[in-house]
Amino acid sequence: MFPLKESQPPTGIHRTWWKESNIYQIYPSSFQSHSPNSPTGTIRGITSRLSYIQSLGTDTVWLCPILASPQIDMGYDISDYRDIHEGYGTMEDHDELIRELHARKMKYVMDLVVNHTSDQHEWFKKSRSSRGKGNEYRDWYIWRPAKYDKDGQRQPPNNWLSYFGGSAWQWDAMTQEYYLHLFAPSQPDLNWENPSVVSAVHSMIRFWLDRGVDGFRMDVINFISKEPGLPNAPVSDPTSPWQSPIALHSCGPRLHEFLQGIGTILKEYDAFSVGEMPGVGDEKEVMKSVGQEREELNMIFHFELVSIDGQTQDKFLPRNWTLQELKGIISKWQAMMLRNHGWNALYLENHDQPRSISRFASDAPEYRKFSAKMLATFLALQSGTPYIYQGQEIGQINVPRSWALDKYRDIETLNHWRDKVLVEYAEDKEFQDIMLREYRKKGRDNGRTPMQWDGKSRNAGFTGEETQPWMDVHPDYTEWNVENQINDPDSVFSYWKTVLALRKELKDIFVYGDFEMLDPEGEQSVAFIRSADERNKALVVMSFKDYETEWRVPEGATSFLQCPVKLKNYEDEPQSRQGGGAEGGGSSAMILRPFEALVYVSSGGNSD
Ligand code: GLC
């Protein structure tokens, strides 16, 4: 009865634990401290919350970096790959965390940051110690001589822009050369062209796998192979001397060779991998990385959806987006993976992104709960493995509008303000106000406020009441917190639990089923069908508007309205308007309330 699809449903999807898994992401600094005096979270704090994480229905835990680091970029600047950051605990604490996870049959995913190290890493200290031939570490990083302009002024070797602002090259006065840093100057890029670097990284990967790590999230992993010769980047911003180099390092010529090198080790351990891949949209490149048969990565995080509200040359520049664009991005990635034996990593939030309720729906008090539940439905019922970022499960939102920049902590936002806005727009108050508004929309700090455990104690139970946390707790913790939600059947937490359980209960439909977007042009709602086969399928419908809308159900989908509603985020029954015509075939419209979400399931042939 279902003539909706032209393409064939996916066949031969390989079934495996990481496709069925629900993954919980922890930002260690902001999750839970076990000691009342600690301004940041700790590993023992994380261990103390494993039952909570498991009760949500997540079974794999990814931890953002916990290794030794001066924390210039919150641990993405590692100074020792084989030691734990002091503020987070000890190697014993970490072993205990792994043991406790495994005792619960949960998996542990570590963050692997190998595009760059900290400038405090021994490798870099040795590398920068001399240019002499005898220094075997010199070539572990990317050093180049200066260029000189026509006035004899020293200039960096090329025009590459750093992701944290300014030139991507730092002058080293002692050895009289520049080194490359795609991120902060304190994050020098490793030189993967040097086989010693590759084997040092491999041996470090084995070190952690041997200690019980079940897999890795690989930080900007598509950046590790750069275009030979490091040519100038094309000019995308004529007002700046520095240009986005992404095309020259986002999928360099040796990327897949390097990924296969890592993939071979992971295979030996049956370990999991998800690669963070900014700037990659090309189907061929993507499929080379995640194609099942190539054994490079299991899945990747793409950036198309989370770039929808910013501009390519500067994410803080505002951009209006449409629901049609959003649906286009979803459809593209769903189809790409399902048709090519790849797999999607589904996320709306992480430590680099603002809170999704504030970004994609509404954090106004009257809509917040509906928005949170609607987005849970939207995310977790697509094809792919869902990632839930700490606090997302209780509906945490962006930092308050009243927060001034002195409450922000992130190097990306603070550099942008100091080096770009205050320099290039020093007199332009209007632009400055726009940027402050955009930081509040897209700044990374929005997702980094501490986890809100309870509503009574100062600091929300994240750390002791007398301690000043590294970042302020969002003041709405008195109402929005775990304690209020875990036993409330109507809470955002309970809804997430239900959605994640539903995904596992109806695996054939929601994990392994096909995906079809309906009404790709509609600007008010998103609707898709997930189907295991002709008889077992689901219709998922969501309003993205804060007012009542009407959704005209496409002809082939009207029979779903006779099926049981498996999930909804409003207490009372959904409202629909049946037009004339035969049952299931006539024109029907659904009246969707603000941010309403509905899931109809037809199983065992009931839909016929
Ligand atoms: C990744 C991380 C981000 C970090 C950057 C540099 O994008 O997720 O937090 O700043 O890489 O390591």
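The values are calculated or read from the model by the stated rules, or taken from the named source; none is laboratory data. Here the structure is a predicted model, which is why all the values come from computation and not from measurement. These area figures cover heavy atoms from the full protein model, side chains too; ligands, DNA and RNA do not enter into them. Shrake-Rupley method; radii C 1.70, N 1.55, O 1.52, S 1.80 Å.
Structure notes:
- Cα-based radius of gyration of the chain once divided by 2.2 N^0.38 Å, which approximates compact folds: 0.98
- By accessible area, using a 1.4 Å probe on protein heavy atoms only, segment 258-402 has 48% of its surface on carbon and sulfur.
- Greater than 32 Å apart at Cα, pairs in 267/568; 373/537; 369/456; 288/568; 150/442; 284/545: 267/568; 288/568; 150/442; 284/545
- In summary, no helical segment of the chain meets the span-like criteria, namely a full DSSP H run, a Cα extent along the axis of 27 angstrom or more and a mean Kyte-Doolittle hydropathy of at least 0.0.
- With all protein chains modelled, accessible area of residue 122 [1.4 Å, Å²]: 90
- Diffusion coefficient, µm² s⁻¹, Stokes-Einstein with Kirkwood Rh over alpha-carbon pairs of segment 489-552 at 4 °C and 1.567 mPa s: 98
- Three-way shape call for segment 46-119 based on the alpha-carbon gyration tensor, with the a/c threshold at 1.5: prolate
- Annotation: residue 174 carries an accessible surface of approximately 130 Å², with a 1.4 Å probe and no ligand, DNA or RNA atoms counted.
- Accessible surface of residue 508, taken over heavy atoms with a 1.4 Å probe and every protein chain present, rounds to 80 Å².
- Separation between Cα centres of segment 269-304 and segment 135-163, rounded to whole Å: 31
- Under 26 Å from residue 133, Cα to Cα: lysines that are on another chain or at least 8 residues apart: 125, 147, 226
- Computed over protein heavy atoms with a 1.4 Å probe, the carbon and sulfur contribution to the accessible area of segment 45-132 reaches 46%.
- Normalised by 2.2 N^0.38 Å, where N counts its residues, the alpha-carbon radius of gyration of segment 368-512 equals 1.26.
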